[in-house]
Amino acid sequence: MRYLTVFLFFLSACSDGIKTLPSSTGILSEVIFVVEDLLWENHVKDVAFRTFGAPIGGLAQDESSFRVIQVNHSEFKSILKTHKNILIIAKNVNTSNQHDKWANGQLVVQLEFMPNITKLTKDLIKLKAIFDFREIRILRNSISKSSQKIQENHIKDQFNIETLIPLEYTIIKDTVALFWATYNPDKKEEIKHLFVFSFESKAININQEVLKKTDSIFAKYLIGAKHGQYVKIEDRFTPIYYENTYRGLWRLELGFMGGPFVIKTYINDKKIVVSAGLIFAPNDRKRDYIRTLDAIL
């Protein structure tokens, strides 16, 4: 009995030494910049807003990639220390990054400030890419927990890409030539469509061919309520292209609906595979919709 008591006391002492972290707070679209006020105003602020606060491409109205929130070191306490995204910039510190430093699901990056705007800009561009990738990975992991695995396997078999189909979508068409799913609730002014298809490229300008093929898919399947109404890529707004991804606007011909689209392309057995998503949500900001499309396409 004496030995059992000692053993239980030892287990209790060990468990007391385990550090239990709280869950992270805040949202993925925010980044807390911990910078002294004078350093922020004189050197960091403008660069932070040009990089982390840069507008997302392909939208009709500017929406920043991240909401930039600055606090000084004396203000950085309590709930702010458990935020999901934290970037500390200071002089004479070691540049580093650490996951789950003060909370679970958190990324804390520490950057040594050097009085060189060019270097600071390059550093923040690289760090923004890290926070971008982290957000997409978290979103994709979250969606995949409940996504439609049977349809995703069909897409993998037919097109050899790994697109996620969120549970909320209704499957309209699932064939060897085309996949189409939609989300169109009755009591909400929100519509989302996903398409996957492929074609053999015969044009010199592949970018134009991708947009032309996607435009024809939109026009064929997304028909308005009135005669002559169909969805088309907005030709008055040149889509932005970067790393096999197109971002731009669509509109309803002879109508008043419109919104953003995202197109991603893949090369598979000499074919161009296209996964495309478009959004209609006139009452909401589009930033989170775009991030979700980036995660699932």
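The values are calculated or read from the model by the stated rules, or taken from the named source; none is laboratory data. What you are looking at is a predicted structure, and each value in this text was computed from that prediction instead of being measured. Note: ideal-geometry Cβ built from the backbone for every residue, glycine included; neighbour counts use all protein chains shown. The accessibility values were calculated without ligands, DNA or RNA, using every heavy atom of the protein model including side chains. Shrake-Rupley method; radii C 1.70, N 1.55, O 1.52, S 1.80 Å.
Brief remarks follow.
- DSSP beta bridges fully contained in the chain are about 75 percent antiparallel.
- Label-to-label distance, ASN207 versus LEU21, with points set 7 angstrom from Cα along the beta-carbon direction: 4.1 nm.
- Expressed as a whole percent, the accessible area of region 43-125 that falls on carbon and sulfur atoms is 49 (1.4 Å probe).
- Charge dipole of region 104-195 (Cα centre as origin; +1 on each Lys and Arg Cβ, -1 on each Asp and Glu Cβ, all else neutral): 240 debye, rounded to the nearest 20.
- The accessible-area ordering, largest first, of the residues TYR242, TYR169 stands as TYR242, TYR169, per a 1.4 angstrom probe.
- Taking all protein chains as shown and a probe of 1.4 angstrom, THR292 keeps an accessible surface of around 50 Å².
- Checking the Cα-Cα distances for LYS173/LYS271; LYS19/LYS45; LYS145/LYS212 against a 25 Å cut-off, the pairs over it are LYS19/LYS45; LYS145/LYS212.
- Lys/Arg +1, Asp/Glu -1 at C-beta; the chain dipole; positive extreme among ILE217, PRO115, PHE131: ILE217
- Note on region 229-277: with neighbouring protein chains present and a 1.4 Å probe, carbon and sulfur make up 53 percent of its accessible heavy-atom surface.
- Listed peptides 252-263, 132-143 appear in the order 252-263, 132-143 once ranked by packing, highest mean of other Cβ atoms within 10 Å at the front.
- Estimated at 0.36 nm per residue, the fully extended path between GLU75 and GLU243 surpasses their Cα-Cα distance by 56.6 nm.
- Going by accessible surface with a 1.4 Å probe and the largest first, SER65, SER78, SER216, SER144 read SER78, SER216, SER144, SER65.
- A full extension of the chain between ASN141 and MET114 corresponds to an added length of 6.1 nm, given 0.36 nm per residue minus the alpha carbon distance.
- Accessible area per residue in Å² at 1.4 Å probe, computed on the chain: 57
- The chain pair-distance distribution - Cα-Cα, 5 Å bins, rounded %: 1, 5, 10, 13, 14, 12, 11, 9, 8, 7, 4, 2, 1, 1, 1, 0, 0, 0
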